[in-house]
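Written out below as structure tokens is the structure these notes cover.
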Amino acid sequence: MTSALLGASLVAYFAASVLYLANLHIKRRYLASYATTAAVVGFTLQTIRLVAQILAHATPFADAPEAIFFLSWATAALYLVVLVWFRLPAVGALAMPLAVVALALVYRFPPAPGEPLASDSWLRIHIVAIVASFALFTLALCCAVFYLVQNKLLKSKKLRGMFRRLPPLETVDALGHMLAAIGFPLLTLGIVTGIVGVEMAKLRLQISSVKLFAAGLTWGVYAIYLLAHSTTGWRGKRANWVLIVGALLTALTTALHRFA
Amino acid sequence: MHLVVVGLNHKTAPVEIREKLAVPEGNLPKALEALRACHWVAECCILSTCNRTEIYAVTARHEDEEVLIQFVSDYHGMPRASFQDHLYRHRGHKAVEHLFSVAAGIDSMMVGENQILSQVKNAFCIADESDSTKAILNNLFQQALSVGKRARTETDISRGAFSIGYGAVELARSIFGSLSGRTTLVLGAGKMGELTAKHLARAGAASVIVANRTFSRAEEVAAKLGGRAVPFDSIHEAMAHADIVIGSTGSSEPVLKREEMAKIMRLRHDRPIFLIDIAVPRDVEPAVSELENVFLYDIDDLEALVQQSNAERQKEIEKVQEVVAEETRKFAAWMRTLEAVPLIKLLRERLDDLQDSEWQRYSGKLAHLSEKDKETVRAIMQSLVNKITHSPLVKIKEYAASSNGYEKLDVARELFGVEVAEAEENAEPGGPDTSAGPADVEDRQ
């Protein structure tokens, strides 16, 4: 049943992605609301599967596919929160395709055989914190991309087509910053619990220096971004590029993980 | 009953005529009262704006639109010849289509403007309050309002800038999102600057600062806009706080240079700023737009935006026309069923009368029959009438819903010798007993 739920939510997210992208380019009544309906359907199916997994065994998100599944769920959840609070369906045109990519990756990784990695509570916290921060950074990335596109359109005075359907510049700028600011402490928590967890389970695991370096770099990028923003009010084009680089680094660090 | 509209608008009449035929809102109830008093006028509504004056009415015959024209002439005390050539007259579904187009904004001087929708609503409310509308105009105007809303939500007909002021608001919104709590700084005390600031204030940017070389002029304009005046040499400090700056001075040299703007941006911690330069020669050095988070638009950019919006709205007219056509079809179908109802009712009454009179005529000759046999004879008569009229009545209902049903119903009236005027007098459109008509036909078979 869980694989059927997985497939169905993938289809729903894909439909939502197509509809949201279409909504940026053509004006049709209800297009955005159809897209949102598809997104909500996909999210509900995912939630059912997530709950089923949690009920089935006490350690969810234990292996790679489960963690990636959780990431796609968290991204969709965050997008829906952003939609309700800020009324920015345009963001869905990027957030939903990213949720689709994450969900499709679940198929790429077979479940790890044997004992789940994250049986230690430290590593469990590590995974949840990292995935949650990753979802926040993903949404921040969406905001940053929309900021850069809208900024370019406004600067070059190309005010046709998509321009009117994109979110206001300052709104996405502020939202991107807010998401990064929430994600950062979670990232910090995730890195710390990860290191402690590996130390505690030293017999079985070891941490690669490349991974540690990538994690440190990611952390540093967000730390500098947030520091510059809070001290000098740093914002605009370059600041939003940093949000994109940060999200890419997060993805890279995750890709360097070997779960088993 | 027939729906007609008689009127004139900015396309058919010059302003000298339009202003003479306009009916001020305060005079509308009296005018409607006078109109209702006219012979054959069952329902009426007057839509009078600065671009149009139109009388919508439900009358007994099509020709009664002459009554409306006479009314206009009498009411304004103007000879018919002085305005008749500027009038348009639409009947039936053409009248429906006309009002729907007006409400949708495609008949307006500024295509897609929103004001007309509230004007249509207002005209209807006044007519409704003075009991000048009944079933048909009530439904017509309510439909018109929903067509107006549909056109605006389903198409881009009312999107984009209608003028420089609108353009400024649209751009400001796409930079800042909500404009509430935003501050506008106006450089110069010209009319254009004031107008643009007013637009922005109406959109939420209510806090206004005015700077002008002659301080007293700045104070005057600031008073009008509900803002405050600052001396011209402190504009750089003011720009550190303002979000939107309107340049409209008469200065021959730019009042804002790139280096100055760079300094201001540092003071602003790079918060975005929207510079609207509507002055000619320009107030802001073009190189200023190279700075990050500075969005500089000059008068040509805004003009281009307005023209582009106009062109885009023109493209939307066709889509709106589709909506109007669809809704007109629906409304016309509704009206046709309304017209079949009195006809069927009348026909049925006539046949019942005929049965009764024939029975009276022959009852003497049938006196020898038993009560039971008499009942049988009556049942045969009734059954015969029902059988004969069954298919015509079904057909009338079908005609009523078909595209040229109007003419077909006229044929039916002729065939059965039922006069139009007679039908009008006997039937109150949409009244409780007529609504039972078509259902009746089914029941008796």
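Residues of the stretch B:137-161 that are buried (at least 19 other Cβ atoms within 10 Å of the Cβ) and over 16 Å from the mean Cα position of the chain (by Cα): B:Gly160, B:Ala161. Could you list, ordered by first residue, the pairs with Cβ atoms under 7 Å in which the first is in the stretch B:151-178 and within 7 Å of chain A (Cβ to nearest Cβ) and the second is among the hydrophobic types (A, V, I, L, M, F, W, C) and surrounded by 19 or more Cβ atoms within 10 Å (Cβ to Cβ), at least 6 apart or interchain? Correct list of pairs: B:Glu154/B:Val323; B:Arg173/B:Leu179; B:Ser174/A:Leu154; B:Ser174/A:Leu169; B:Ile175/A:Leu154; B:Ile175/A:Leu169; B:Ile175/B:Phe274; B:Ile175/B:Phe295. Considering the stretch A:130-152, the residues that are surrounded by fewer than 21 Cβ atoms within 10 Å (Cβ to Cβ) and either acidic (Asp, Glu) or in contact with a Leu (Cβ under 7 Å, 6 or more places away or on another chain) (or both) include one that is farthest from the other protein chains (Cβ to nearest Cβ), namely A:Val145.
All of (1) within 23 Å of A:Val82 (Cα to Cα); (2) within 14 Å of another protein chain (Cβ to nearest Cβ); (3) of a type in the set (Gly, Ala, Ser) hold for A:Gly183 with one exception: (2). Scanning the stretch B:283-314 for residues that are within 13 Å of chain A (Cβ to nearest Cβ), touching a residue at least 12 places away in the same chain (Cβ under 8 Å) and charged (D, E, K, R) yields B:Glu290, B:Glu292, B:Asp298, B:Glu303, B:Glu312, B:Arg313.
Comparison of A:Phe14, A:Phe69 shows that the only residue that is outside the structural domain of A:Thr138 (by TED's automatic domain parsing), surrounded by fewer than 20 Cβ atoms within 10 Å (Cβ to Cβ) and in contact (Cβ under 8 Å) with a residue 40 or more places away in the chain is A:Phe14. Inspect the stretch A:189-203 for any residue being within 14 Å of another protein chain (Cβ to nearest Cβ), of a type in the set (Ser, Thr, Tyr), surrounded by 15 or more Cβ atoms within 10 Å (Cβ to Cβ) and in contact with a helix residue (DSSP H, G or I) (Cβ under 9 Å, 6 or more places away or on another chain) and give the result as yes or no. Checked the stretch A:189-203: no residue is within 14 Å of another protein chain (Cβ to nearest Cβ), of a type in the set (Ser, Thr, Tyr), surrounded by 15 or more Cβ atoms within 10 Å (Cβ to Cβ) and in contact with a helix residue (DSSP H, G or I) (Cβ under 9 Å, 6 or more places away or on another chain). Every test in (1) more than 30 Å from B:Val306 (Cβ to Cβ); (2) among the small types (Gly, Ala, Ser); (3) surrounded by fewer than 20 Cβ atoms within 10 Å (Cβ to Cβ) is passed by B:Ser118 save one, and that test is (1). Checked against the criteria, A:Thr250 does not count as assigned to a helix (DSSP H, G or I), within 14 Å of chain B (Cβ to nearest Cβ) and within 21 Å of A:Leu78 (Cβ to Cβ).
Within the stretch B:75-100, the residues that satisfy the criterion of being part of a helix (DSSP H, G or I) and under 18 Å from B:Cys38 (Cβ atoms) are B:Tyr75, B:His76, B:Arg80, B:Gln84, B:Ala95.
Cβ separations smaller than 9 Å between residues 6+ apart or across chains give the following pairs from the stretch B:258-282 residues that are within 13 Å of chain A (Cβ to nearest Cβ) and more than 22 Å from B:Leu171 (Cα to Cα) to residues that are assigned to a helix (DSSP H, G or I) and of a type in the set (A, V, I, L, M, F, W, C): B:Leu267/B:Met239. I'd like to know if the stretch A:45-57 contains one or more residues that are at pLDDT 90 or above, touching a Phe, Trp or Tyr at 6+ places or on another chain (Cβ under 8 Å) and of a type in the set (A, V, I, L, M). No, the stretch A:45-57 contains no residue that is at pLDDT 90 or above, touching a Phe, Trp or Tyr at 6+ places or on another chain (Cβ under 8 Å) and of a type in the set (A, V, I, L, M). Only residues that are within 17 Å of A:Leu94 (Cβ to Cβ) and within 9 Å of chain B (Cβ to nearest Cβ) were counted in the stretch A:153-171, giving 7.
The values are calculated or read from the model by the stated rules, or taken from the named source; none is laboratory data. Since this is a predicted model, take the numbers as computed values, not measurements. Virtual Cβ from ideal backbone geometry, glycine too; neighbours counted across all protein chains shown.
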